[in-house]
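Asks: Mind looking over this structure? Questions follow.
Every number here is computed from the coordinates shown, using simple stated rules; none is lab data. Here the structure is a predicted model, which means the values were calculated and not measured. Heads up, the Cβs are rebuilt from the backbone with ideal geometry, glycines too, and the neighbour counts pull from every protein chain shown.
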Amino acid sequence: MVVGDIATGTDVLVIGAGPGGYVAAIRAAQQGLDTTLVERDAYGGTCLNYGCIPSKALITGSDLAHEAGHAEEMGIHADPVVDMSQLRDWKDGVVDQLTGGVEKLCKANGVNLVEGTARFKDENAVRIAHGGEGQGSETIEFEHCIIATGSRVIQIPGFEFEDEHVWSSRDALAADSIPDRLVVVGGGYIGMELSTTFAKLGSDVTVVEMLDDILPGYESDVARVVRQRAEDLGIDMHFGEGASSWREEDDGIIVTTELEGGDENEYRADKVLVAVGREPVADTMELENAGIETNERGFIEVDDFRRTEAENIYAVGDVVADTPMLAHVASKEGIVAAEHIASEPVAFDSQAVPAAVFTDPEIGTVGMTEEEAEEAGFTPVVGQMPFRASGRALTTGHADGFVRIVADEESGFVLGAQIVGPEASELVAEVALAIEMGATLEDIASTIHTHPTLAEAVMEAAENALGQAIHTLNR
């Protein structure tokens, strides 16, 4: 028996419970608005369930195993054994704790939770199809709606994720065994994070990338530090090659790649991980019924308040055009959208958006590069501090990389930073705050930093830009 369609109403309807959606829903409820959150899969979205959190858990585990097994220089001798099934269970426990927390937070703030798939009927109503046979559907009418449906992995022809030999990043993070041989298609941040993880767990890893280097979008000297470390870990990298097909062999599979001139290479593997990027999930909601069109790449265009062309409908997160696919960006956009609906004076400002890559070593960036500063009309001054001159970095055994700060020469205002090295994902926060508050090089340089810490490298980079560095040569 199918339950009939029932109708309810809400002030704010949020579609998608990822970092953009659940944050938007909680903030809208905090503003006194009747708020309903619709999710068809799992609270926390891709980030908490299949991306950011599980990947960092596995990275932590692989780092610990690798460190323990490669510390002979410190006089520590060990041969750790990784139980991948137990490591996966621990990772799943972390995920469950966080996703359960999201659900509890939503309920505690008075958010109405609905499970199902939303499709627009018009600009003021959606139809929710509940999962499972006989579960029926309902119509929810709304004053305002926030779309937060996120993104999904991109598939390439011939590499269907349904096949047991082909992994998406989600499949890799759910693995209960370590493949002896792994081919990774794509040298972007997801591909490199997972390549490093599985290399440290014991896989023989080969990366194939169509471009001429890993980590497109990052400066060459930043990518070089990560590439050299990957090579030290035994990762074999091939550039200018695109994966074209694969076939089974008695002892695994063979992945075929095609070079620009038409030549082909073959690589033996047990699994092939496809990590060539992500695309927006905007084609499941029948947006046209609400008068919303996507751009040629499938993204939704929004204004500074995250409003779409339908003024009562907003969009946040990975589904939004011209916005980096970052969980913390989605959360900020969700807050902006919710507060704008509540008539608060807000707008989204992307001036100081930090980003991190959890490779070995880590990368943390924010604001402008030197080249971007020049293009924006500034006369940039640059300061740099190598981690090999950092006492704290040397005591950790990780001294590859550097901190680089970019500032305006005339005013001294900090414009950006590029950090590659230990704990770069944490260190970049100081520079993000400096940009946000309008701090100068002098502000950072004159702030006493704890010794010995990695954060001293940020201070030294600022001093270097001022020509006053003590522990590195001034440029």
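Asks: By how many nm would the segment from residue 238 to residue 109 lengthen if fully extended, with 0.36 nm per residue of separation less the alpha-carbon distance?
Replies: Values: separation 129, 0.36 × 129 = 46.44 nm, distance 5.04 nm.
Length difference between fully extended and current span is 41.4 nm.
Asks: How high is the FRET efficiency from residue 260 to residue 283, r the C-beta distance, R0 25 Å, rounded to 0.05? Each step should come with its number before you reach the end.
Replies: Working: r = 32 Å, r/R0 = 1.27.
Efficiency, rounded to the nearest 0.05: 0.20.
Asks: Sort 167, 246, 90 so that the residue with the fewest other Cβ atoms within 10 Å of its own Cβ comes first and the one with the most comes last.
Replies: 90, 246, 167
Asks: If you don't mind, there's one more thing I want to ask. When only Cα pairs under 8 Å and 6 or more residues apart are kept, what is the percent relative contact order across the chain?
Replies: Dividing the mean separation by the residue count of the chain yields 14 percent.
Asks: So, one more: Go ahead and estimate [θ] at 222 nm for the chain from helices alone: -39,500 (n - 2.57) per DSSP H run with n ≥ 4, summed, over the residue count, rounded to 500. Provide the component values of the computation, followed by the final result.
Replies: Numbers: 13 runs with 146 residues, N = 475.
Result for the chain, helices only: -9500 deg cm²/dmol.
Asks: Sticking with this one: Residue 383: net charge of surrounding residues, Cβ under 9 Å, Lys/Arg +1, Asp/Glu -1, itself excluded? Could the numbers behind the result be given before it?
Replies: Values: positive: 404, 475; negative: 460, 463.
That sum, taken over residues with Cβ under 9 Å, equals 0.
Asks: Please go through region 127-216 and write out the GluC sites (Glu not before Pro) that DSSP classes as loop and that have at most 16 other C-beta atoms within 10 Å.
Replies: 133, 160, 162, 164
Asks: First measure r as the distance between the Cβ atoms of residue 379 and residue 143, then evaluate 1/(1 + (r/R0)^6) with R0 = 60 Å and state the FRET efficiency to the nearest 0.05.
Replies: On the way: r = 49 Å, r/R0 = 0.82.
For R0 = 60 Å, the calculated efficiency reads 0.75.
Asks: Give me the distance in nm between label points sitting 7 Å out from Cα along the Cα-to-Cβ direction at residue 351 and residue 228, one decimal.
Replies: It works out to 3.6 nm between the two label points.
Asks: Moving on. Within region 337-363, which residues have the backbone N less than 16 Å from the label spot 7 Å out from residue 311 along Cα→beta-carbon, could you tell me?
Replies: Counting only backbone N, you get 340-344.
Asks: Give the label of the value calculated from the structure for semi-axes √(5λ) of the Cα gyration tensor in Å, choosing from (1) 47, 26, 21; (2) 38, 31, 21; (3) 36, 24, 19.
Replies: So the calculated entry is the one marked (2).
Asks: Still on this structure: What ³J(HN,Hα) values, in whole Hz, does the Karplus curve 6.51 cos²θ - 1.76 cosθ + 1.60 give for region 13-27 when θ = phi - 60°, with x put for Gly and Pro?
Replies: Result, rounded to whole Hz: 10, 10, 9, x, 10, x, x, x, x, 5, 5, 4, 5, 5, 5.
Asks: Evaluate the distance, in nm, between pseudo-label points positioned 7 Å from the Cα of residue 86 and of residue 6 along their respective Cα→Cβ axes.
Replies: Using points 7 Å along Cα→Cβ, the separation is 4.8 nm.
Asks: So what J values fall out for region 347-356 if you push phi through Karplus, 6.51 cos²θ - 1.76 cosθ + 1.60 with θ = phi - 60°, rounded to Hz, Gly and Pro as x?
Replies: 7, 7, 10, 9, 5, 10, 9, x, 9, 9
Asks: Would you list which lysines come within 26 Å of residue 91, measuring only between C-alpha atoms, while excluding same-chain residues fewer than 8 positions from it?
Replies: Result set, ordered by chain and number: 56, 104, 107, 200, 271.
Asks: Given labels modelled 7 Å from the Cα in the Cβ direction, how far is it in nm from residue 446 to residue 344?
Replies: Modelled inter-label distance: 3.4 nm.
Asks: Right, something else. Report, by chain and number, residues whose modeled amide H sits under 5 Å from the one on residue 362, excluding near sequence neighbours (fewer than 5 apart, same chain).
Replies: Distant-sequence amide H within range of residue 362: 421, 423, 424.
Asks: So, R0 is 56 Å and r is the distance between the beta-carbons of residue 79 and residue 468; what FRET efficiency does that work out to, to 0.05? Mind dumping the intermediate values first?
Replies: Values: r = 47 Å, r/R0 = 0.85.
In this case the efficiency is close to 0.75.
Asks: Based on Cα coordinates alone, diagonalise the gyration tensor for region 355-465, multiply each eigenvalue by 5, take square roots, and list the semi-axes in whole Å, largest first. Walk me through the intermediate numbers first.
Replies: Values: eigenvalues 98, 44, 25 Å².
Over the Cα atoms of region 355-465, the semi-axes work out to 22, 15, 11 Å.
Asks: Evaluate the Debye formula for region 1-151 with equal point scatterers sitting on the alpha carbons, no solvent, and hand back log10 of I(q)/I(0) at q = 0.10, 0.11, 0.13 Å⁻¹, in q order, two decimals.
Replies: -0.48, -0.54, -0.67
Asks: Over region 355-465, what is the mean sequence separation of C-alpha contacts under 8 Å (at least six apart), divided by residue count, expressed as relative contact order in percent? It would help to have the intermediate numbers written out before the result.
Replies: Values: 249 pairs, mean separation 34.7, N = 111.
Worked out over region 355-465, it gives 31 percent.
Asks: Would you mind ranking 145, 47, 52 so that the residue whose beta carbon has the fewest other beta carbons within 10 Å leads the list?
Replies: Working: 145 30, 47 23, 52 20.
Placing the least packed residue first, the sequence is 52, 47, 145.
Asks: What are the GluC sites (Glu not before Pro) within region 375-466 that DSSP puts in a loop, where the Cβ has at most 14 other Cβ atoms within 10 Å?
Replies: Those satisfying the criteria are 409, 410.
Asks: For a footprinting-style exposure proxy, rank 22, 189 by other Cβ within 10 Å, fewest first. Intermediate results must be reported in sequence, preceding the final value.
Replies: Working: 22 30, 189 22.
Going from least to most buried by this count: 189, 22.
Asks: What does the charge count around residue 360 come to, taking other residues whose C-beta lies under 10 Å from its C-beta (Lys +1, Arg +1, Asp -1, Glu -1)? Could you put the intermediate results ahead of the total?
Replies: Working: positive: 200, 229; negative: 63, 193, 232, 362, 400.
Net local charge, residue 360 excluded: -3.
Asks: Which value, in debye to the nearest 20, gives the size of the charge dipole of region 355-465 about its Cα centre, when Lys and Arg are +1 and Asp and Glu are -1 at the Cβ?
Replies: Roughly 440 debye, rounded to the nearest 20.
Asks: Now for a separate question. With Cβ to Cβ distances under 13 Å as the rule, what net charge do the other residues near residue 89 carry (K, R +1; D, E -1)? Mind showing how you got there, number by number?
Replies: On the way: positive: 88, 91; negative: 83, 92, 96, 176.
Net of charged neighbours comes to -2.
Asks: Still on this model: Can you work out ³J(HN,Hα) from phi for every residue in region 201-208, in order, using Karplus 6.51 cos²θ - 1.76 cosθ + 1.60 and θ = phi - 60°, giving whole Hz and x for Gly and Pro?
Replies: 7, x, 6, 8, 9, 10, 10, 10
Asks: Moving on to the next point. Pull out a ≥ b ≥ c, the square roots of the eigenvalues of the alpha-carbon gyration tensor of region 229-296, then state rounded if a/c is under 1.5, prolate if not and a/b is larger than b/c, and oblate in the remaining case.
Replies: Values: a/c = 2.47, a/b = 2.29, b/c = 1.08.
Judged from the Cα gyration tensor, region 229-296 comes out prolate (a/c at least 1.5, a/b above b/c).
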